[in-house]
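Engineer: I'd like to ask you about the structure that follows.
The values are calculated or read from the model by the stated rules, or taken from the named source; none is laboratory data. Here the structure is a predicted model, which means the values were calculated and not measured. Please note: Cβ atoms are built from the backbone with ideal geometry, for glycine as well, and neighbour counts cover all protein chains shown. We work out accessible area using only protein heavy atoms, side chains counted, and drop any ligands, DNA or RNA first. Shrake-Rupley method; radii C 1.70, N 1.55, O 1.52, S 1.80 Å.
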Amino acid sequence: MSVSPRLKIATVALALVAAVVPTPASWIERVYSERSYLSVQRLITSASNLVPIALLDVGCLVLLISFLLHSLRILRRPAASRWPLRRLVLVDAITLLAAVYLLFLAVWGLNYRREPLRARLQFDRGRASQSALLETTREVVRRLNDLDGSRSRDDGPALDAVPQLLVRPFVRTQELLGQPRIALGGVPKASLLREYFRRTAISGMTNPFFLEVIINDELVPSERPFVVAHEWAHLAGYADEAEASFVAWLTCVRGDAIAQYSG
């Protein structure tokens, strides 16, 4: 099915407007992050959890194959009935990228524009002193030593068993942060991109279109709970990496000894 030139122009123009026009963080927080996003997140993640394979892989393959077939159809047109081929394929590629960008913003990406977490918490920068940092470091080392001494060297959850450790702590953490709706955790999945993950030292990622979590299956057992909790934090709408790690830490320290050690 061909797309009219007007629709192509409108799609690209709308993507440009969405990219450059400022949006009030308070509006994003109130209307999108706390309401519309969390309302649909459970529906999308519930559906993606039913599929045992990574929908990210399926989506990338379908998109790539569809665009290649579309480009081949253009190349087979009679020369008298088409633009110069390079321009036509380029316009379609730009339109496709614009449409994907708009879908990204609508499904998950606007969470990048929400209010920072510290603005919603009783954050006092004056308490982050050097002495407080040293005391916290000593406490972390003490807790790690205690937890390490209470477990065997080779124990740890299999990747598919990690969600059982985190479901309740994840819900309690969201309640603690005052989240109006509780986000659903995703089933950890492996991906065809595992070699890319391994070479680039990527521990995991959140698929922003199907709201599923992709985990590097080469993680050691002690890493798995924190990485899964980090990606679940992204599913809860915390797009900023530091905020997602903070939410993951809060989740893990409210879990059992295995989750605490990972956190």
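Engineer: Within the bounds of the stretch 83-93, is there any residue that is modelled with pLDDT of 95 or more, hydrophobic (A, V, I, L, M, F, W, C), open to solvent by less than 60 Å² (accessible area, probe 1.4 Å) and under 25 Å from the mean Cα position of the chain (by Cα)?
Structural biologist: Of the residues in the stretch 83-93, the ones modelled with pLDDT of 95 or more are none.
Checking the stretch 83-93: not a single residue is modelled with pLDDT of 95 or more, hydrophobic (A, V, I, L, M, F, W, C), open to solvent by less than 60 Å² (accessible area, probe 1.4 Å) and under 25 Å from the mean Cα position of the chain (by Cα).
Engineer: Could you list all residues from the stretch 27-39 that are touching a residue at least 60 places away in the same chain (Cβ under 8 Å) and either open to solvent by 60 Å² or more (accessible area, probe 1.4 Å) or among the aromatic types (Phe, Trp, Tyr) (or both)?
Structural biologist: Initially, the stretch 27-39 is screened for residues touching a residue at least 60 places away in the same chain (Cβ under 8 Å), giving 28-29, 32-35, 37-39.
Result: TYR32, ARG35, TYR37.
Engineer: Can you tell me which residue in the stretch 164-213 is most open to solvent (accessible area, probe 1.4 Å), limited to those that are closer than 13 Å to VAL228 by Cα and in a loop (DSSP other than H, G, I, E, B)?
Structural biologist: Applying the filter and picking the extreme gives VAL187.
Engineer: OK, next. Mind checking which residues of the stretch 214-262 are under 15 Å from VAL167 (Cα atoms), open to solvent by 20 Å² or more (accessible area, probe 1.4 Å) and assigned to a loop (DSSP other than H, G, I, E, B)?
Structural biologist: Those that are under 15 Å from VAL167 (Cα atoms), open to solvent by 20 Å² or more (accessible area, probe 1.4 Å) and assigned to a loop (DSSP other than H, G, I, E, B): ARG254, ASP256.
Engineer: So which of LEU211, LEU250, LEU219 is of a type outside the set (Val, Ile, Thr) and at positive phi? Walk me through it before giving the result.
Structural biologist: On the way: LEU250 fails: at positive phi; LEU219 fails: at positive phi.
That would be LEU211, the only listed residue that is of a type outside the set (Val, Ile, Thr) and at positive phi.
Engineer: How many of the residues making up the stretch 1-34 are over 18 Å from the mean Cα position of the chain (by Cα) and in a helix (DSSP H, G or I)? Quick ask: steps written out before the conclusion?
Structural biologist: Step one: filter the stretch 1-34 for residues over 18 Å from the mean Cα position of the chain (by Cα), giving 1-27, 30-31.
Checking the rest, the ones that are also in a helix (DSSP H, G or I) come to 5-20, 25-27, 30-31.
So the count comes out to 21.
So that you can scan it fast, the table gives a plain yes or no per residue for (1) open to solvent by 70 Å² or more (accessible area, probe 1.4 Å); (2) at pLDDT below 85:
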site: VAL100; (1), (2): no, no
site: LEU103; (1), (2): yes, no
site: VAL107; (1), (2): no, no
site: ASN111; (1), (2): no, no
site: ARG118; (1), (2): yes, no
site: ARG127; (1), (2): yes, yes
site: LEU134; (1), (2): yes, no
site: VAL141; (1), (2): yes, no
site: ARG151; (1), (2): no, yes
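Engineer: Name every residue in the stretch 101-142 that is over 24 Å from SER26 (Cβ atoms) and touching a residue at least 12 places away in the same chain (Cβ under 8 Å), in order of residue number. Break it down into steps so the answer makes sense when it comes.
Structural biologist: Within the stretch 101-142, the subset over 24 Å from SER26 (Cβ atoms) is 103, 126-142.
LEU103, the sole residue that qualifies.
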